[in-house]
Structures are given as C-alpha cells and as structure tokens.
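Note sheet for the following structure.
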Amino acid sequence: MFDGTDFSTLEPFLRVEQFEWADMVRFGDDLLGVADAPRAIESFRALLEELTHRPGKPLVFQATSHCFCPDRCGALLKGLGELDGPRKERDTFSSPLAGLIMAREENVFGGLIRWLRSVRRPVIMVFQGDVVLPFLGIGLACDCRIATTDTVFHNQGRELDMPPGGGLLYLLPAYVGLGRANALVTRIGRMPAQSALEWGLLDEVVAPSELDQALQRVAAEVSCFSPETLDTIKQMLNLRLPSFDDFFTIETRGLDRALRGRPWEKLPGGGPDGT
C-alpha cells in the first residue's frame, strides 16, 4: 500500500499501523522536528496521497502526550531565536517557521487540514496530555475528536503576543461561534478536556485506559456512509468555510509580524542570557 512513502525519513516523527477496523497514524514526541527535515515533509505528503486510496475505511491520527505540548513548541520558538541572530539588523523578518505552520506551499499542518477536509475517509483525531491550542485546529478538521481525561489545551499565544497558527481560526468559529472563538483565543489561558467537550470542540473524553475501546467503537460508528456520501457531506459543510488560501495568507502575515517581536524571549530561558 505504501510503496511511494519513504518511512525511513518519517520514522522519528510518526509511524503507521494497520488494523482491521482502521488505519492509524501515530505522531511521535518529535513531530514538530519535521520542520527541519525537508525530505520528511515530502514523505509526509506522499503518505497522505497514499492514504486516500483506502476510501471509506476509518483513519485515526493519534498524538502523544508530548508532541504538541508547550515545552516542545517553546523549544521550536527558541530555535527561531538562534536562527534570527544574523537577521537582527534587517527591517523585516523572513520566518523560518514557513516550512512548518505558515506558508501554505511548505505548510505541513495547513496541507493536512486541506487534505482532511476533502479525503473520502472518516477521520478521528486523538489528543492526550498537554496541547498548545493552535493544534486543536487539526482536530477540528477531522470528523471526530477524542481526548483523554488528562488533556489540557494551553493558549500559549496570550503570553507570547502571537495569533494562533495551525489553521485554528479557520474552523473554530464554525464550531463555537464568533463570540466564543474570540473569548477562547483572547481570554482563556487553558481549557481542560471536559470544558472543550462542553463547548463542542471534542466529541468524547475518555480515561486513558478506555481509549482503545472507545476508538474502535467510534470507528464503527463513523463507518456507516459510503465514500461518495461522505464526500458529499464534507463538500456541503465546506461551503460554510472561508477561502482556505485567503485565510492562510492572512495567518502567515500575522505570524510573521508577531515573530518580529521576538516572542521566544518571553519564554523561560528564552532571553539573551538564558533567563
């Protein structure tokens, strides 16, 4: 099935497991490091293309409890600080993040969201542990979202003076409305899984010990439609969304402006003297 995917370049970042009830893509702790691995980005795109060839069978994306956590995202920003050294005298900042969460041509997660909104497969997203809020956008692009009871979404952007990336605001207002979307992004520092469930951002919250059983049950529930019917449903729902390209152009510009403010210096240990 995966003849066109180079898994040797993806091994540090994710792995794929095939079950009778679903295909599962398990994100590893080092997933965000894919930004520094162009060959892995291309392999990830090839993997998504090959995953389209099993229409109808459920697909599960399962994150570890660390891959989207504040420490991992903070380390990524601190890495930007090191890359920015030679650019300090420039008037504009050409963001090294473009390959990860901004420019749509190189955007792993933006491309994933576009793919999720069109693939003829029911897709389930699993969150665990601490998750920086923008990565909730991946889950909102899926057909179903499950989180373990220990999951907490952290709005790191409030402390760093950064707008949310990762396509979060592309989908968030469609789920909770404009007012609640604004409140979540601008006023709420952290949201436990149970609160996210009450807001309609998650479909189920389960104990870690019950996750496997819940996944198989939900996979069976979302498998009732043919690929053609699921495609029609997704197309109709997508009509309510803004232009994908226009949105990510604005997101890219906003994140570039925020990065000029050197947000990594606001992180613990992110200053010039390591404090």
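Quick notes
- Loop-located trypsin sites (Lys or Arg not before Pro) across the range 117-223 with a Cβ neighbour count of 12 or fewer within 10 Å are 187, with loop assigned by DSSP.
- Each 10 Å bin from zero holds the following percent of Cα-Cα pairs in the range 157-275: 10, 27, 32, 22, 7, 1.
- Most positive-pole-ward Cα, 160, 214, 135, against dipole of the chain from beta carbon charges: 160
- Summing +1 for each Lys or Arg and -1 for each Asp or Glu among the other residues whose beta-carbon sits under 12 angstrom from that of residue 145 gives -3.
- Taking 66, 154, 53 and ordering them by how much accessible surface each has at a 1.4 Å probe, largest first, produces 53, 66, 154.
- A DSSP coil position with no more than 12 other Cβ atoms inside 10 Å describes the following trypsin sites (Lys or Arg not before Pro) in the range 228-259: 240.
- Total charge dipole magnitude, the chain, about the Cα centre, Cβ charges on Lys, Arg, Asp, Glu only, Debye to nearest 20: 780 debye
- Area accessible to solvent at residue 5, 1.4 Å probe radius, in Å²: 10 Å²
- Accessible area (Å², 1.4 Å probe, nearest 10) - residue 17: 50 Å²
- Taking every DSSP beta bridge that has both ends in the chain, the antiparallel portion is near 30%.
- For the range 111-178, average projected area of the Cα convex hull in nm²: 5.0 nm²
- Difference of contour (0.36 nm per residue) and Cα-Cα distance, residue 229 to residue 216: 2.5 nm
- List 21, 115, ordered by accessible area with a 1.4 Å probe, largest first: 21, 115
- Stretching residue 240 away from residue 188 to a fully extended chain increases their span by 16.1 nm, per 0.36 nm per residue minus the current alpha-carbon distance.
- What a 1.4 Å probe finds exposed on the chain is 50% carbon and sulfur by accessible area, rounded to a whole percent.
- Contact order relative to length of the chain, as percent, for alpha carbon pairs under 8 angstrom and 6 or more apart: 20 percent
- Nearest-ten-degree value, helix 38-51 long axis tilted from longest Cα axis of the chain: 20 degrees
The values are calculated or read from the model by the stated rules, or taken from the named source; none is laboratory data. The shown structure was predicted, so the numbers you read here are calculated from the model rather than taken from an experiment. With ideal geometry, Cβ positions are generated from the backbone for all residues, glycine too; neighbour counts draw on all protein chains shown. Accessible surface areas use protein heavy atoms only, side chains included; no ligands, DNA or RNA. Shrake-Rupley method; radii C 1.70, N 1.55, O 1.52, S 1.80 Å.
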